[in-house]
Amino acid sequence: MKYALIGCGRVAPSHIKAAIENGLEIAAVCDLDASRMERLLENSGLSAEKIAAVRRFTDYTALFREVRPTLASIALPSGLHAACAFEGLKNDVNLIVEKPLAMSLADADEIIRLAKEHGVLVSACHQNRFNKAVQALRAALEAGRFGRLSNAAITVRWDRDEAYYAQDAWRGTWENDGGTLMNQCIHGIDLLCWMCGYEIESVYGQIRRQFHPYIQAEDLGTAVMTFKNGAVATVEGTVNVCGPDMEEHLTLLGEHGAVKLGGTSANTIEHWYFDDDPNDQKDGFHEPTRNVYGNGHTSLFADMAQAIRDGGQPYVTAEDGRRALEAVLAIYLSAKHGAPVKLPLPADAAGTNLEGFFDA
């Protein structure tokens, strides 16, 4: 299967590694910075012969038109995801789109529409769904072991310093990135909403820019979400940890079960209990990872490749990516108006609606 990677920045090594481990043909890479492309390929583990065969582009439009890959992944700055996806879909290319799927609901809806029109697939890159701890939690939930849900929580406590934001001008901007909720915490928010049944009724959110005056967006975000099934969930996302990244915790509490996942990317089981089998102990399970991105990219790529071959749907769909985006935008909208918001959000909801929020 012919594969292309668009965007050779921070997360790109996880994409190229996943493609190689799934036996995909690395046909092309694309980035405005030629040195990034070369550095990525040199560190990819590909043979010199295969590296030489990879085509390099600085224009993704030309890549889609000339290479016609079966599958491409988009790892560009967040604000460029939608425009690149539009171009790929119009050229009948199946896509894996890094989070967030887009920066506005209108663009997310257009991605979904174009994919259906052109008969191709789009997977939102929420790879943490494939973590072994997350899969164990999901299996217990789908088996009904929790009973009625009471409450849930996601907590992402990481560190992103000035050097991180100085890497690229787009980081921390409302147009091309958003803050900690849209960038670092959206994976956890995706897991939270997935486990709680997606149907959010209302959101009350607060955001702050505490320690990062050189960015436009938030470095701290909190929220309370209520779901139509009666569950109440809390969100805390921050990049204000002094020192190394601390944790990404996901907690789910029900009538008959209680689970807490931890580690830096919900890759550890810290608490596991169910009434139906008190001896079922998974406490202490830990899946080692190289970084906060976890190991899920390889599984997500495998799932997407299989969906393309079989004509099915990916495990993580574009619609799933839209749901996570809407949840973050709901927190932003609530913070802007200082009041809870009801879902669904209006079609014009977008991260750019908060331009100047902290400077007013």
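The values are calculated or read from the model by the stated rules, or taken from the named source; none is laboratory data. Being a predicted model, the structure only gives us computed values, none of them experimental. As a convention, Cβ positions derive from the backbone with ideal geometry for all residues, glycine included, and neighbour counts pool all protein chains shown.
Is it the case, given these coordinates, that Met195 is under 18 Å from Ala349 (Cβ atoms) and modelled with pLDDT of 95 or more? Judged against the criteria, Met195 is not a match.
If I ask for residues that are surrounded by fewer than 20 Cβ atoms within 10 Å (Cβ to Cβ) and assigned to a loop (DSSP other than H, G, I, E, B), which ones from the range 122-144 would you list? Matches in the range 122-144: Ala143, Gly144.
Residue count for the range 18-41 under the criterion of being part of a helix (DSSP H, G or I) and either in contact with a helix residue (DSSP H, G or I) (Cβ under 7 Å, 6 or more places away or on another chain) or among the polar types (S, T, N, Q) (or both): the result is 6. Of the residues making up the range 203-220, those that are out of contact with any helix residue (DSSP H, G or I) (no Cβ under 6 Å at 6 or more places or on another chain) and either touching a residue at least 24 places away in the same chain (Cβ under 8 Å) or surrounded by 22 or more Cβ atoms within 10 Å (Cβ to Cβ) (or both) are Arg209, Gln210, Phe211, His212, Tyr214, Gln216, Ala217, Glu218, Asp219, Leu220.
Residues being buried (at least 21 other Cβ atoms within 10 Å of the Cβ), touching a Leu at 6+ places or on another chain (Cβ under 7 Å) and assigned to a loop (DSSP other than H, G, I, E, B) are entirely absent from the range 57-64.
When the range 65-84 is filtered for residues that are in contact (Cβ under 8 Å) with a residue 40 or more places away in the chain and either in a helix (DSSP H, G or I) or in the same structural domain as Ala350 (by TED's automatic domain parsing) (or both), the ones remaining, listed by number, are Val67, Ser78, Gly79, Leu80, Cys84. The C-beta contact set for the range 85-112 (first residue under 20 Å from Gly178 (Cα atoms), second residue at pLDDT below 95 and among the aliphatic types (A, V, I, L, M), distance under 6 angstrom, 6+ apart or interchain) comprises Leu105/Ala347; Ala106/Ala347. Over 30 Å from Ala349 (Cβ atoms), touching a Pro at 6+ places or on another chain (Cβ under 7 Å) and small (Gly, Ala, Ser): is that true of Ala53 in this structure? Answer is no for this residue.
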